[in-house]
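The next block holds one structure in the form of structure tokens; read it before the comments.
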Amino acid sequence: MTALLKTQLGDIPLLARGKVRDLYAVGDDLLMVATDRISAFDHILATGIPGKGKILTQISQFWFELFKDLVPNHLISAEVRQYPAALQPFADQLEGRSMLVRRAQMFPVECVARGYLAGSGWKEYQANSTVCGVPLPAGLLDGSKLPEAIFTPATKSQDGEHDENVSYEVVAGQIGEADASQLRRLTLALYEKAARHAATCGLILADTKFEFGRIDGKITLADEVLSPDSSRFWEAESWQPGGAQPSFDKQFVRDYLESIRWNKQAPAPALPAEVVERTLDKYLEAFRRLTGRTLAL
Ligand code: Q0Z
């Protein structure tokens, strides 16, 4: 298989290309297509991981199904044959890696839940003993399990690059107390359900980011859910607080980029075939362990 690095859907209006996904307008609805692009150290690499977009899309679908009793979601269909006629000519680019979704009025909040300390959470904790204003006990390490999962929202920065961690109170000031408390409640409920499931698969869900919107007046789970791109998954067996934990999926990529001492400035390098293969194997393993299914690419 060759990697799909960029979708090209003729006259279908392109709304946005994200780091990994392309977003199109289809009538009143939206089409999200996950490409095989991979990012590391905040750059999109020159090489794709062939099939990664299919794996991530199907992981997302699995979680939407698991969560359907807790929250409505934006998914209309992931079956290309059920898509509007205008999309049928592009079936080969869409099969297995796309979702037709309802357009939502998105809340301008990244709804992050953390059960473990890592990344920006660890940074803020070291400086202030808090994460997003939530006080935490002394003595935690990089990778420590938190006494209980916490809601650590972030707002999208202007440049669209790095999100800014904010307190619950800031979110409540932006969108109102009623919606903020619903987003916090849903974020933590979904995290708990997902983390329990991941644990049964020998995986730690350290943290994850949800995006919600409103559809027909109802708070609705949107975007992608619990893909390795929006979440930190760690191998439970090798978890050891006291330093950065190996990424379940991207560690071979990071190790390679460190080994060639890339300065993390554009242009991002290509990956050797072996790194591509081992990384694809990790995505397939994540899919298999989380869903119990196998995926033919
Ligand atoms: C998601 C994004 C992507 C680039 C907008 N159901 C929805 N309603 C309104 N807006 C969105 C959604 Cl999912 C929405 N994004 C993030 C997705 C490519 C950016 F596939 N932006």
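Counting only residues that are more than 13 Å from the ligand (Cβ to nearest atom) and not in a helix (DSSP H, G or I), which one in the stretch 89-103 is most open to solvent (accessible area, probe 1.4 Å)? The residue in question is 95. Grab the strands (runs of 3 or more DSSP E) fully contained in the stretch 127-225, keeping just those with 2 or more residues being within 16 Å of the ligand (Cβ to nearest atom). In the stretch 127-225, 203-215, 218-222 are the strands (runs of 3 or more DSSP E) which contain 2 or more residues that are within 16 Å of the ligand (Cβ to nearest atom). Right, residue 14: near the ligand (Cβ under 10 Å from one of its atoms) and either open to solvent by less than 40 Å² (accessible area, probe 1.4 Å) or within 17 Å of residue 100 (Cα to Cα) (or both) or not? Criteria met by residue 14. Reported count of residues in the stretch 42-88, each being open to solvent by 60 Å² or more (accessible area, probe 1.4 Å), of a type outside the set (S, T, N, Q) and in contact with a helix residue (DSSP H, G or I) (Cβ under 9 Å, 6 or more places away or on another chain), is 3. Evaluating residue 202 against the criteria (1) surrounded by 23 or more Cβ atoms within 10 Å (Cβ to Cβ); (2) over 26 Å from residue 31 (Cα atoms) leaves one unmet condition, (1). Among the residues making up the stretch 26-57, those that are in a strand (DSSP E or B) and more than 10 Å from the ligand (Cβ to nearest atom) are 26, 39, 40, 43, 44.
The residue pairs whose first member lies in the stretch 38-59 and is more than 21 Å from residue 294 (Cα to Cα) and of a type in the set (Phe, Trp, Tyr), whose second member is open to solvent by 10 Å² or more (accessible area, probe 1.4 Å) and part of a loop (DSSP other than H, G, I, E, B), and whose beta carbons are closer than 9 Å, counting only pairs six or more residues apart or on different chains, are 41/262; 41/264; 41/268. Criterion applied to 214, 232, 196 was being in contact (Cβ under 8 Å) with a residue 60 or more places away in the chain and within 30 Å of residue 252 (Cβ to Cβ), and the one residue passing it is 232. Only one of the listed residues (274, 224) is open to solvent by 10 Å² or more (accessible area, probe 1.4 Å) and under 30 Å from residue 72 (Cα atoms). That residue is 224.
The values are calculated or read from the model by the stated rules, or taken from the named source; none is laboratory data. Bear in mind that the values here come from a model prediction, so they are computed numbers and not experimental data. Neighbour counts are summed over all protein chains in view; Cβ atoms, including those assigned to glycine, are modelled from backbone coordinates with ideal geometry. Heads up: the accessible areas ignore ligands, DNA and RNA and are worked out on the full protein's heavy atoms, side chains in. Shrake-Rupley method; radii C 1.70, N 1.55, O 1.52, S 1.80 Å.
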